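Written out below as structure tokens is the structure these notes cover.
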Amino acid sequence: MRFRTLIGATLLAAVCVSQAAATAAEPLRVLFLGDEGHHRPAERFAQVQGMLANRGIEMVYTDSLD
């Protein structure tokens, strides 16, 4: 249930932000900070990155705090 809520909230935020990004001079850039945890953030990133790229939102994934 929490996973569905997280994905839903992420997609809703992306849709709302994409409208603002469409009118911005520069594309919106999002840093997706993950780790090696049981939620598998690299997989979540792969699921949403393509959809957001189609809306002009550039996402970058890292698991390093550097």
Just checking my list [x] 12.9, 42; [y] 10.5, 32; [z] 12.4, 38 against Rg and Dmax of the Cα atoms in Å computed from this structure; which label fits? [z]
Add +1 for every Lys or Arg and -1 for every Asp or Glu among the other residues with Cβ under 13 Å from the Cβ of ALA9, and state the total. +3
Any idea how far apart HIS38 and ASN54 come out in nm if each label point goes 7 Å out from Cα toward Cβ? 3.3 nm
So if I place +1 on the C-beta of Lys and Arg and -1 on the C-beta of Asp and Glu, and nothing else carries charge, what would the dipole magnitude of the chain be about its Cα centre? I want it in debye, nearest 20. 380 debye
3J(HN,Hα) from dihedral phi, region 50-59, Karplus parametrisation 6.51/-1.76/1.60, rounded to Hz, x for glycine, proline: x, 5, 6, 4, 5, 9, x, 9, 8, 10
MRE, 222 nm, helices only [DSSP H, n ≥ 4, -39500 (n - 2.57), over the chain, to nearest 500]: -18000 deg cm²/dmol
Name the residue farthest towards the positive end of the dipole of the chain from the options LEU6, HIS38, ALA53, assuming +1 on Cβ of Lys and Arg, -1 on Cβ of Asp and Glu, about the Cα centre. LEU6
Quick one: which residues, 5+ away or cross-chain, put their amide H under 5 Å from the amide H of PHE32? H built at 1.01 Å from N. VAL60, TYR61, THR62
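Quick note: the coordinates plus some simple rules give every number you see, no bench work behind them. This structure is a prediction, so every number in the text was calculated from the model and none was measured. All Cβ positions, glycine included, derive from the backbone under ideal geometry; neighbour counts span all protein chains shown.
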